Amino acid sequence: MLGLTLCLVRWSVLVAFLVVEATLTVKFDWKFLLVACAMIGLFSGCGEGVSSNGGGVREERVLRVSPGGRVNTLDPALSADLVSAKMVGELYDTPLEYDYLERPYKLKPSMLESMPEVGGGMTAFRLKLRGDLWFQPDKCFGVDDTGCFKRRRVTASDVAFSILRLADERVHSPGYWLIRGKIRGIGEFRKATASSPEWDFSVYDKGCEGIKFVNDRELEIRLAKPDPRFLYALAMPYMSVVPREAVEMYREDFGSHPVGSGPFRLVEWRRGYKLEFERNPDYREEYFREAENAEDRERRLPLLDRVVCPQVSESVTAWFMFLRGELDMNPVDKDNFEAVVDGEGKLVPALRARGVKLVKAPRMQIYYVGFCFVDPILAGNADLRKAISLAYNVDKRMEFFNHCATPANGPIPKGVAGYDPRFENPYAKHDVELAKEYLAKAGFPGGVDPKTGKRLKLTLDFGGTSATFHELAEMFVDDMADIGIKIVPVLNNWPNFLKKSARGRMQLYYVSWVADYPDAENFLQLFYGPNAGSCNRSFFRDSAFDRMFDEIKSMPDTPDRTVKYAGMARYLVERCPWIFSHYPVSYRVLRAWVENYHPHDFCFSEWKYLDVDVEKRCVERRDFKPLTLSEIGGE
């Protein structure tokens, strides 16, 4: 026993030394770390996940996964970041959700008996709740005769309360945009909340014109204008249904005390350390008939008993935990890509031989460099914007991201109706000589401003200060130096970046957009004039484009609308409001015992479908063989 302890200590010291080295050196050998971590993994036991169940003992199905970043809140109305939204999606339920396997993405009923009854030319949506929806037991509902907390049935009034809460001026919900100017009377409700005391909820009793109760299980939402995409809003985490009693009781602490009807319940949240969830036994009846394990097809969701989420801030630490079996899933980023994926985009044989699985999928996201049209130099000079676009070396970015991305040909990413794989953006190719020609046409021959006799100088803002942003800034500086333009990078923290972008106080800026729903309108809205100062960070205004956008806003999903989407994308490319950089590609590794994982851009409650083969986990860990340097291409 003493020998084993000493061995563990020695290897722990080795890996600790390697982690320190990773922070001190510019180029770190990931392959060496894989070997060291794997050798510690040799000593990982299988005595976890054992619990008592009705007097017996059984192995719990426990998933261990990092949330992927900091969890800021568990309040649905405030879940603006993807990490928080993901946690909210596991704790709460929404009227609609996305089918887990269907591609292209398709909505289906979640809390509803069936899809909403749509009328009034896409202005009226009638919702009928299922009869088996319950909020988890909580003290906000009182106690029963045995002293246990009560649960409460979900009603239509809860749906109305949750929607109205997005419009409450006192809540400051980033999700208000989903209903702003859409639901009849929602603006008047918002004004009423602004003049109400902070914790006075009587304004909710008056409601608003556009939300009408039918009975405890039915309500109708009426819009001011036709909007076929309103259904997408009903599947977003912002629309999670919350009980009024919990908000009234916990007030500002509601974001730390979730009371939902979703597949899981929060057991523990130690900020900065971990979150732990348990299966919600009161979750509505649902099955996953396509589960890998035939027995799971007859088990009610969720399939897992618990989910443990260690909050890991460094990717090197996450990999250390994955290789030891302490994390069951882990993303592959650009820094560890070469150690995990070979030149053909496949998992390296050493990991594949140990049952590790690699899953690859494009993401509905675009990275871009925007031109701010508030700036007079850039706004009225399309030739200048085209020159900068042509000088931008996309291939160099692909290498930088280890090909975890594909070059963008316009504003609409792959997998969205309106994306045209045959279209070639004439300004997306790297052509320095052509860029110089456009620069001369723009009035800056050789990059020199003839009015001053000096090189044209432009600022480039970033919404982060990490090493990645520093490297991207250096690349852009080098690219523009090739055509004589001087770039001054400005690295901001995210809140400051948002303030500057809202006021148009930037010239060029680098950022990304993640789709809220699988519709090209969600990307094209980034160029709509009335959205300037919000999602239209470039303050791009074009009357012809705005007319096209107004036309498609009320159009249902038809081939004609798809054609119009593609035409709008080409129209934007010619006007060059952005440098369309790249669409990211997601790579994720899974342990052999993880079942039913399918990448999905909009499934915020995916844990309910996942399962863990406990027996396979035990066997894999018992028979674990450490990696050698030769197995992963080391010297």
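The values are calculated or read from the model by the stated rules, or taken from the named source; none is laboratory data. Being a predicted model, the structure only gives us computed values, none of them experimental. Cβ atoms come from the backbone with ideal geometry, glycine included; neighbour counts cover every protein chain shown. Surface accessibility is based on the protein's heavy atoms, side chains included, excluding ligands, DNA and RNA. Shrake-Rupley method; radii C 1.70, N 1.55, O 1.52, S 1.80 Å.
Taking Cα centroids, how far is segment 464-494 from segment 222-253 in Å?
40 Å
Among 573-579, 604-610, what's the highest-first ranking by average C-beta atoms within 10 angstrom per residue?
Those peptides, ordered most packed to least, come out 604-610, 573-579.
Please name which of Tyr250, Trp578, Phe230 has its Cα lying farthest along the dipole of the chain towards the positive end, using unit charges on Cβ (Lys, Arg +1; Asp, Glu -1) and the Cα centre as origin.
Among Tyr250, Trp578, Phe230, the one farthest towards the positive end of the dipole of the chain is Trp578.
Using the Karplus equation 6.51 cos²θ - 1.76 cosθ + 1.60 (θ = phi - 60°), what ³J(HN,Hα) coupling, rounded to whole Hz, does each residue of segment 258-270 give in order, writing x for Gly and Pro?
For segment 258-270, the Karplus curve yields x, 10, x, 10, x, x, 10, 10, 6, 9, 8, 9, 9 Hz.
Using the Cα centre as the reference, give the magnitude of the dipole from point charges on the C-beta atoms of the chain (Lys, Arg: +1; Asp, Glu: -1; all else neutral), rounded to the nearest 20 debye.
The dipole of the chain has a size of about 1080 debye.
For segment 269-391, build the charge dipole from Cβ charges (+1 Lys, Arg; -1 Asp, Glu) around the Cα centre, then report which of Met321, Asn381, Pro302 sits farthest towards its positive end.
Asn381
Tell me which residues come under 5 Å, amide H to amide H, from Asp93 once H is placed; ignore anything under 5 positions away on its chain.
Val241, Ser261, Gly262
Using R₀ = 41 Å, calculate the FRET efficiency as 1/(1 + (r/R₀)^6) where r is the Cβ-Cβ separation of Val214 and Asp145; round to 0.05.
0.75
Can you order the peptides 420-432, 73-85, 588-600 by their average number of other Cβ atoms within 10 Å per residue, highest first?
Per-residue mean Cβ counts within 10 Å order the peptides as 73-85, 588-600, 420-432.
Mind listing the long-range amide H neighbours of Asn330? Cut-off is under 5 Å, sequence gap 5 or more, other chains count too, H placed in the peptide plane at 1.01 Å from N.
Correct list: Val589.
Search the structure for amide H atoms under 5 Å from the amide H of Ile579, placed 1.01 Å from N in the peptide plane, and list their residues when 5 or more places away or on another chain.
Val369, Gly370, Phe371
Need the list of lysines near Lys206 for cross-linking: C-alpha distance under 20 angstrom, and skip anything on the same chain fewer than eight residues off.
Lys182, Lys191
Going highest first, how would you order 465-474, 348-357 by mean Cβ packing within 10 Å? Present the calculation step by step, with values, prior to reporting the outcome.
Values: 465-474: 14.2, 348-357: 16.9.
Ranking, from highest mean packing down: 348-357, 465-474.
What's the carbon and sulfur percent of the chain's accessible surface, probe 1.4 angstrom, rounded to a whole number?
51 percent
Show me the GluC sites (Glu not before Pro) within segment 171-261 that DSSP assigns to loop and that have at most 15 other Cβ atoms within 10 Å of their Cβ.
Working: sites: Glu188, Glu198, Glu209, Glu218, Glu220, Glu245, Glu248, Glu252; in loops: Glu198, Glu209.
For GluC sites (Glu not before Pro) across segment 171-261 that sit outside H, G, I, E and B with at most 15 neighbouring Cβ atoms in 10 Å, the list reads Glu198, Glu209.
Quick check for me: using +1 on Lys/Arg Cβ and -1 on Asp/Glu Cβ, what's the dipole size of segment 330-486 about its Cα centre, in debye to the nearest 20?
Result for segment 330-486 is approximately 320 debye, rounded to the nearest 20.
Can you give the extra length, in nm with one decimal, that the chain gains between Lys499 and Glu344 once fully stretched, where that is 0.36 nm per residue apart less the Cα-Cα distance?
51.5 nm
Given Lys86/Lys106; Lys225/Lys499; Lys128/Lys212; Lys86/Lys414, which pairs have Cα atoms separated by over 21 Å? Display every interim value, and only then the final one.
Numbers: Lys86/Lys106 19 Å; Lys225/Lys499 31 Å; Lys128/Lys212 12 Å; Lys86/Lys414 23 Å.
Going by Cα-Cα distance, Lys225/Lys499; Lys86/Lys414 fall outside the 21 Å limit.
Among Pro445, Thr562, Ile179, whose Cα lies farthest out toward the positive end of the dipole of the chain, if unit charges sit on the beta carbon of Lys, Arg (+1) and Asp, Glu (-1)?
Result: Pro445.
At what distance in angstrom do the alpha carbon centres of segment 367-444 and segment 166-182 lie from each other?
Comparing the Cα centres of segment 367-444 and segment 166-182, I get a distance of 34 Å.
Would you work out the relative contact order for the chain, in percent, from Cα pairs under 8 angstrom that are 6 or more residues apart? Present the calculation step by step, with values, prior to reporting the outcome.
Numbers: 1172 pairs, mean separation 119.4, N = 635.
In percent, rounded to a whole number, it is 19.
Compute the Cα gyration tensor for the chain, then decide on rounded, prolate or oblate, letting a ≥ b ≥ c be the square roots of its eigenvalues: rounded whenever a/c is under 1.5, prolate when a/b is larger than b/c in the other cases, and oblate in all that remain.
oblate
How much accessible area per residue does segment 355-436 have, in Å², with a 1.4 Å probe?
41 Å²
Relative to the Cα centre, what is the charge dipole magnitude of segment 480-626, using +1 at the beta carbon of each Lys and Arg, -1 at the beta carbon of each Asp and Glu, and rounding to the nearest 20 debye?
It comes to approximately 760 debye.
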